[in-house]
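Working notes, structure below.
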Amino acid sequence: MLLTELQPVLQNLSTTDQLHLVQWLISQVVSESSRHLTTTITDPKDDPLWDIVGMAAGDAASVARYHDTYYQVAEFLDFNQPPTVKIPDWFKQDLGFTIANRGEPDKEAFACEFIIVPFLKEAWKKHPRLSLFSHVAIQSEDLTVIPDYLVTAKHPTGYKAIYKPLLLTVEAKNEKFEDGWTQALLQSVVCQQINGTADHPVLAIVTTGDLWQFGKLEKQQFIKHPFSASLQNLEVLLGILDTLFAECEKVL
């Protein structure tokens, strides 16, 4: 039976029953796929993570919260001594002006445009082999997602075009980080499928602008780093972003 044929049935189930069904399906996928996982994807349907995306497509099912097989908290970069980058005085002054003049009516859009983007752009300046995109749709098979911000390898032609998506940023709307990480998982899988291989890690950031969290999809494992950064330490935050951009360049 196709997933599309199941959707009317699923819609009539209670939220609890839907969750139980998704958990059972995931357990079946894990059991079946554990015997033949590979690191190079030849067909999206062979990737167990793709099956999970298929089940979650079309709603905000919190996939990352309800399974441990693909989602874990672990260190993938050494932040015991977080890297730091010197912040230019003009950047500090601009950020101070931004924070002093923000408010509730446009809180989320304001954070995107005046806090998140400046940090990403400042980190991007040191990595000319990468491109930064804002709110572009990316698609693999029948699933289309729109990361808030996407870092890719620069296209070989020199023109700005989507090529090897390596890092994505999702805004945690209403400070709901779990929902943000669900979106990050789905978007990371799409990036992995576009790349056509699981050998290139896809890095992910979920942030409100004030608080930044970090993760990555590596092969069939989605990992969230336990360390968070914030505007309380600008040098550390920019240092981590610089490190993540540098990680992207390692696969080029």
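Can you report the number of residues in region 109-145 which are assigned to a loop (DSSP other than H, G, I, E, B) and in contact with a strand residue (DSSP E or B) (Cβ under 9 Å, 6 or more places away or on another chain)? Talk me through it step by step, then tell me what you get.
Within region 109-145, the first condition is being assigned to a loop (DSSP other than H, G, I, E, B), and the residues that meet it are 125-129, 135-137, 141-142.
From the residues that got through so far, the ones that are in contact with a strand residue (DSSP E or B) (Cβ under 9 Å, 6 or more places away or on another chain) too are 127, 129, 135-137.
Residues that pass the stated criteria total 5.
Quick one: how many residues across region 60-88 are outside any loop (DSSP other than H, G, I, E, B) and modelled with pLDDT of 55 or more? Show your work before the answer.
The initial filter retains those residues of region 60-88 that are outside any loop (DSSP other than H, G, I, E, B), namely 63-65, 71-73.
Now drop any that are not modelled with pLDDT of 55 or more, which leaves 71-73.
Residues meeting the conditions: 3.
Against the condition over 20 Å from residue 213 (Cα atoms) and either buried (at least 17 other Cβ atoms within 10 Å of the Cβ) or modelled with pLDDT of 95 or more (or both), how does residue 123 come out, does it pass?
Working: over 20 Å from residue 213 (Cα atoms): no; either buried (at least 17 other Cβ atoms within 10 Å of the Cβ) or modelled with pLDDT of 95 or more (or both): yes.
Here the answer is no, as residue 123 does not meet what is asked.
Please determine, by comparing only the residues of region 146-159 that are in contact with a strand residue (DSSP E or B) (Cβ under 6 Å, 6 or more places away or on another chain) and of a type outside the set (Asp, Glu), which one is surrounded by the fewest Cβ atoms within 10 Å (Cβ to Cβ). Step through it out loud before you land on a result.
At the first step, the residues of region 146-159 found to be in contact with a strand residue (DSSP E or B) (Cβ under 6 Å, 6 or more places away or on another chain) are 147-152, 154.
The next check asks that each one be of a type outside the set (Asp, Glu); those that pass are 147, 149-152, 154.
Values: 147: 26, 149: 22, 150: 22, 151: 25, 152: 24, 154: 17.
In this case the residue turns out to be 154.
The values are calculated or read from the model by the stated rules, or taken from the named source; none is laboratory data. Predicted model only: the values in this text are computed from it and were never measured. When we count neighbours, we look across all protein chains shown, and the Cβ atoms used for this are built from the backbone with ideal geometry, even at glycine.
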